Amino acid sequence: DAKTTQPPSMDCAEGRAANLPCNHSTISGNEYVYWYRQIHSQGPQYIIHGLKNNETNEMASLIITEDRKSSTLILPHATLRDTAVYYCIVRVYGGSQGNLIFGKGTKLSVKP
Amino acid sequence: DSGVTQTPKHLITATGQRVTLRCSPRSGDLSVYWYQQSLDQGLQFLIQYYNGEERAKGNILERFSAQQFPDLHSELNLSSLELGDSALYFCASSGGGLLSGNTIYFGEGSWLTVV
């Protein structure tokens, strides 16, 4: 079973920041937080991952609370093309282990 | 483009038949994963191979099998097909090594329709 809890859906206005929350209260010390998104029926797309520090890349920012029990994915300037299902996943990093267990995710709708 | 290649993109077959889905991982990736996505089940992990050996098993039916070849490509074999096997099948790959990076990248999937 997925170890994360996400709201089923969210709306965001185009050009505004989209903040997607995720709870992972049972995360283990060696587990990272990963975010993927799936646009329509395309293959899931990797967005970002982190352990305990905040992370930023060209797609998004990831804010992880100090106790690591929750995180927020931030899309700074959402566009219509960001409409997708966003998945928050905890996963062991490294070596040959650590497949991804997907939950239901958050369906983000970006509106004009 | 993730670098993971799946063929065929679309496949229609009859109940009771057998099909093979093929996956070429990203260059240098040792791990291959297979996932199934149907309308009512979401993304389900089926099986993982690492450098030719089965490493983890998920909700894979006994009618399904997979293997990873020495050149690291993988095949998912689905037999005695039923209507309920109609789904999107995704392959994904990752480096598998601590230093090589272990982010999992997905292909675009193979649409299987069983009629």
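The values are calculated or read from the model by the stated rules, or taken from the named source; none is laboratory data. Keep in mind the model is a prediction, meaning the values are calculated, not measured. Note that each Cβ is placed from the backbone with ideal geometry, even for glycine, and that neighbours are counted across all protein chains shown. Keep in mind that these areas ignore ligands, DNA and RNA; they rest on the heavy atoms of the full protein, side chains included. Shrake-Rupley method; radii C 1.70, N 1.55, O 1.52, S 1.80 Å.
Number of residues in the range B:55-96 that are within 11 Å of chain A (Cβ to nearest Cβ) and at pLDDT 95 or above equals 6. Could you say whether any residue in the range A:42-58 is in contact with a Phe, Trp or Tyr (Cβ under 6 Å, 6 or more places away or on another chain), under 23 Å from A:Ser109 (Cα atoms), touching a residue at least 60 places away in the same chain (Cβ under 8 Å) and surrounded by 14 or more Cβ atoms within 10 Å (Cβ to Cβ)? Checking the range A:42-58: not a single residue is in contact with a Phe, Trp or Tyr (Cβ under 6 Å, 6 or more places away or on another chain), under 23 Å from A:Ser109 (Cα atoms), touching a residue at least 60 places away in the same chain (Cβ under 8 Å) and surrounded by 14 or more Cβ atoms within 10 Å (Cβ to Cβ). Of the strands (runs of 3 or more DSSP E) entirely within the range B:1-96, those holding at least 2 residues that are under 16 Å from A:Leu100 (Cβ atoms) and open to solvent by 60 Å² or more (accessible area, probe 1.4 Å) occupy B:53-57.
Among residues of the range B:32-54 being farther than 17 Å from A:Gln45 by Cα and in contact with a Gly (Cβ under 9 Å, 6 or more places away or on another chain), the one that is farthest from the other protein chains (Cβ to nearest Cβ) is B:Ser38.
Of all residues in the range A:97-112, none that is within 13 Å of chain B (Cβ to nearest Cβ) and farther than 20 Å from A:Thr72 by Cβ has its Cβ atom under 7 Å from the Cβ atom of a residue that is modelled with pLDDT of 90 or more and open to solvent by 70 Å² or more (accessible area, probe 1.4 Å), 6 or more apart or on another chain.
Considering only residues that are in a strand (DSSP E or B), at the interface with chain A (Cβ under 10 Å from one of its Cβ atoms), open to solvent by 10 Å² or more (accessible area, probe 1.4 Å) and at pLDDT 95 or above, which ones fall in the range B:97-115?
As a first pass, look at the range B:97-115 and keep what is in a strand (DSSP E or B): B:97, B:101, B:105-106, B:110-114.
Narrowing further to those that are at the interface with chain A (Cβ under 10 Å from one of its Cβ atoms): B:97, B:101, B:105-106, B:111.
Filter once more, keeping what is open to solvent by 10 Å² or more (accessible area, probe 1.4 Å): B:97, B:101, B:105, B:111.
Result: B:Trp111, single match.
Does A:Ile64 satisfy being closer than 27 Å to B:Lys9 by Cα and touching a Lys or Arg at 6+ places or on another chain (Cβ under 8 Å)?
Numbers: closer than 27 Å to B:Lys9 by Cα: no; touching a Lys or Arg at 6+ places or on another chain (Cβ under 8 Å): yes.
No: the conditions fail for A:Ile64.
Applying the set (1) closer than 11 Å to A:Cys88 by Cβ; (2) touching a Lys or Arg at 6+ places or on another chain (Cβ under 7 Å); (3) away from every other protein chain (no Cβ under 11 Å); (4) among the β-branched types (Val, Ile, Thr) to A:Thr5 leaves exactly one unmet item: (2). All conditions in (1) away from every other protein chain (no Cβ under 13 Å); (2) at pLDDT below 95; (3) closer than 28 Å to B:Gln36 by Cβ hold for A:Arg81, with the sole exception of (2).
Identify, from the list A:Asn23, A:Asn99, A:Asn30, the residue that is open to solvent by 10 Å² or more (accessible area, probe 1.4 Å), of a type outside the set (A, V, I, L, M) and within 17 Å of B:Gln44 (Cα to Cα). Steps first, please.
Numbers: A:Asn23 fails: within 17 Å of B:Gln44 (Cα to Cα); A:Asn30 fails: within 17 Å of B:Gln44 (Cα to Cα).
None of the others qualify; the one that does is A:Asn99.
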